[in-house]
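First the structure, in the form of C-alpha cells, and then the observations on it.
No value in this document is a laboratory result; all are computed from the given coordinates. These numbers come from a predicted model, not from an experiment. Here the Cβ positions follow ideal geometry from the backbone for every residue, glycine too, while neighbour counts run over all protein chains shown.
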Amino acid sequence: MTFSQMLLERELSEKLQPCNEGPNCLNSPKNTNLPKCAICKLSPVFNGTCGDVPGVGSHWRPSFKGLKHPVLEQWKREASIQRREMLALARKNKDHRRQAVLKTSQLCEMLTEKVITATANSGRKFRDGDHVSFGVTLDTKQQSKRLEPVVHWDELDKVRKDAKRSGKAVGGLVIHASNKRAIVAVALEDWATLMTIGVQCQN
C-alpha cells in the first residue's frame, strides 16, 4: 500500500459508517475488526456515489449465501432499465432512417413505373427484376446521395441473371441520382441484343 493510499484510508476511516445492511455484511464493524465501510460505496458517506476515488467500490459480503443487498439490486434494476431505454431509442432512430430509405426507394420505383411496367411483386418473389419493358428486365437502384450515378458490376450481373431466369434476353439497371434524374445501364455485350429487340419492335 502506498503512502497516499494509507492517508486516504485513514481519512476515510474517520468517516466509517456502515449501511443499513451492516449487520448482515462480513465486512462491517459488527463482523470484523477490519471493516471496509469507509471504502464501500454503499456507505451513507458516499450516498451511492464514489466519483473517481481509487479503491472505493462495493464491498458487500453477505453473511450467508443468497442474501442480496437491496441497494445493489435497485442499482442493477435502474441500470437495466437505462440500457433498455437506450437500446429502444437506438432501434427507434434506426427504424426512422430505414423508413426514410425505404420511402425514397419506393418513390424511385414509382418514377420508373411511369414509363416502364412493373414485374409481379416488383421482382421480390420471382427474382425477375423490378420492371420489364419490351422483353428487357430492369432493376431500380436508388443513389440519393450521388449526383453522378455509379454502376456496380455485381448489381448489373445480378439483374442479367434474373433476366435469363425469367426468360428475358437482356437485364439492366435503372439508376436514380440525387438530382431526380435517372439512367438505364446495360452491359456492352447486351447492346447488340437490345438493338435487335428495338428493330423487331419497330417492325
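Tabulated data
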read-out: Local electrostatic count, L26, Cβ distance below 14 Å [Lys/Arg +1, Asp/Glu -1]; value: +3
read-out: The stretch 158-177 residues near the modelled E148 label - backbone nitrogen below 15 Å, point 7 Å along Cα→Cβ; value: 177
read-out: Net charge contributed by nearby residues that have their C-beta within less than 12 Å of L72 (K/R +1, D/E -1); value: +2
read-out: 3J(HN,Hα) from dihedral phi, the stretch 188-193, Karplus parametrisation 6.51/-1.76/1.60, rounded to Hz, x for glycine, proline; value: 4, 5, 8, 4, 4, 4
read-out: Sorted by Cβ neighbour density within 10 Å, fewest at the top, the residues D157, D139, D190, D162; value: D157, D190, D162, D139
